[in-house]
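The numbers here are math on the coordinates, done by the rules we state, and not lab data. Just so it is clear, the structure is predicted and the values come from calculations on it, not from any experiment. Virtual Cβ from ideal backbone geometry, glycine too; neighbours counted across all protein chains shown.
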Amino acid sequence: MVDIADEIYASRREILQSLFANKISAPDAAAQLASATLADDTTLEGALGRLWNLIIALAADSLTHHDKLVDVLVDISELPDEKNPPSTGTGQSENEPESEPGSSLTLHDMVVWRDLPTLGWTFRDEWNFSVNPNSSAEKRAYAIRRWININRFAALLMATEEPVFASYSWFALVTLRQALETPIDQMSEHDPLDAWVPAAAAWIEVLGVEIYEWEEEFPSGGNRAPGKGGPLWEGKHGFCKGRWGLWRERFGDMARGGRVSESVRKVAGDAEVMMKEIEAGDVE
């Protein structure tokens, strides 16, 4: 887990604190963050990783500044493409070939800043989420709160409809699948329902109208099937009305069941109601 107090984040942390205090605008913060990142004393990949880790860590810690963090990421993606400097004889990472001076700066075929290189990969690492069942109540509560916040933040990024965040639908699918497509008695103690159900509900609350209309299907073949279902879903490897219906039913089962906590029942019930309202066209 990132220690945002570490000195390597200091310059960028100060910029974001100024943004949170309304001392600078999101576009100004984006430009300053870009400059600080390019001036970092590490590889481009390492510098970008530090920026993304800091932003995600701040979003995970609190909902308070989600809107500002969304704005600043959108504004970073709208900065002019960074250009390759005169030849230094090395690439931007150990696996990156040297590029033509003056051409758009890229990392793993992603353009800086337009494609927010490796941000999606940094998010993907967060989806290795689990809770240590032997941890203290305080640490467990913090891990769960952090997980719910990260899901809400990813949903807010998708809600911008910016193309750079379009692939984040996979994060929604993974969370909804884990929360709602496995019978309760098959859930691991490392994957508690009081983490996964509120995280899934956050996607419905923020992006439910859009998710209801999604028909995206994920490729499958060989050992890859990123859109496959859990034990309760054997249909399409992606989004569809049938899968949505299963999720709604499962929220309802949990809302009226006796095998989950009161807080999970409340969140699940609210999500079920919202999904019914979306189906009826009562939510825009």
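What is the spin-label model distance, in nm, from W121 to A39 if the labels are put 7 Å beyond Cα along the C-beta direction?
Inter-label distance under the simple model: 2.6 nm.
Stokes-Einstein at 37 °C, 0.692 mPa s, Kirkwood radius from Cα pairs: D for the range 212-259 in µm² s⁻¹?
Details: Rh = 11.9 Å.
Estimated diffusion coefficient is 275 µm²/s.
What's the extension gain from D109 to Q17 if we count 0.36 nm per residue and subtract their Cα-Cα distance?
Working: separation 92, 0.36 × 92 = 33.12 nm, distance 3.14 nm.
Extending this stretch completely gives an extra 30.0 nm.
Quick one: order R248, R243, R124 by neighbouring beta-carbon count within 10 Å, fewest to most. The partial results should precede the final answer.
Working: R248 21, R243 24, R124 15.
Exposure proxy ranking, most exposed first: R124, R248, R243.
Excluding residues on the same chain fewer than 8 positions from K228, give the lysines whose Cα lies under 30 Å from its Cα.
Within the straight-line cut-off, K228 pairs with K236, K241, K266, K276.
Let me check against my output: what whole-number percent is the relative contact order of the range 139-280, with C-alpha pairs under 8 Å and at least 6 apart?
Working: 179 pairs, mean separation 34.6, N = 142.
Answer for the range 139-280 is 24 percent.
What's the ranking of 137-147, 182-192 by average number of surrounding C-beta atoms within 10 Å, highest first?
Values: 137-147: 15.5, 182-192: 12.8.
Going from most to least packed, we get 137-147, 182-192.
How large is Rg/Rh for the range 163-210, to two decimals, with Cα atoms and a Kirkwood Rh? The partial results should precede the final answer.
Details: Rg = 11.8 Å, Rh = 11.5 Å.
The Rg/Rh ratio comes out at 1.03.
Report Rg/Rh for the chain, rounded to two decimals, where Rg is the Cα radius of gyration and Rh the Kirkwood radius. Provide the component values of the computation, followed by the final result.
Values: Rg = 20.4 Å, Rh = 20.4 Å.
Looking at the chain, the ratio lands at 1.00.
Where the centre of each part is set by its Cα atoms, how far does the range 200-243 sit from the range 103-149, in angstrom?
Taking the Cα centre of the range 103-149 as reference, the centre of the range 200-243 is 20 Å away.
Work out, step by step, the length gained on full extension between Y142 and T160: first 0.36 nm times the residue separation, then minus their alpha carbon distance; give nm to one decimal. Intermediate results must be reported in sequence, preceding the final value.
Working: separation 18, 0.36 × 18 = 6.48 nm, distance 2.75 nm.
Between Y142 and T160, full extension yields 3.7 nm more.
Going 7 Å from the Cα of M1 along its beta-carbon direction, which residues of the range 42-77 have the amide nitrogen within less than 15 Å of the resulting point?
Of the residues in the range 42-77, 54, 56-63 have backbone N under 15 Å from the label point off M1.
If Rh is defined by the Kirkwood formula over all Cα pairs and Rg also comes from Cα, what ratio Rg/Rh do you get for the range 139-280? Mind showing how you got there, number by number?
Values: Rg = 14.4 Å, Rh = 15.2 Å.
Rounded to two decimals, Rg over Rh is 0.94.
If the only charges are +1 at each Lys and Arg Cβ and -1 at each Asp and Glu Cβ, what is the size of the charge dipole of the chain around the Cα centre, to the nearest 20 debye? Working shown, then result.
On the way: 26 positive and 47 negative charges, 196 e Å.
That gives the chain a dipole magnitude of about 940 debye.
How much length is gained on full extension from E189 to Y212, taking 0.36 nm per residue of separation minus their Cα-Cα distance? Before the final figure, lay out each step's value.
Working: separation 23, 0.36 × 23 = 8.28 nm, distance 3.00 nm.
Stretched fully, the E189-Y212 segment lengthens by 5.3 nm.
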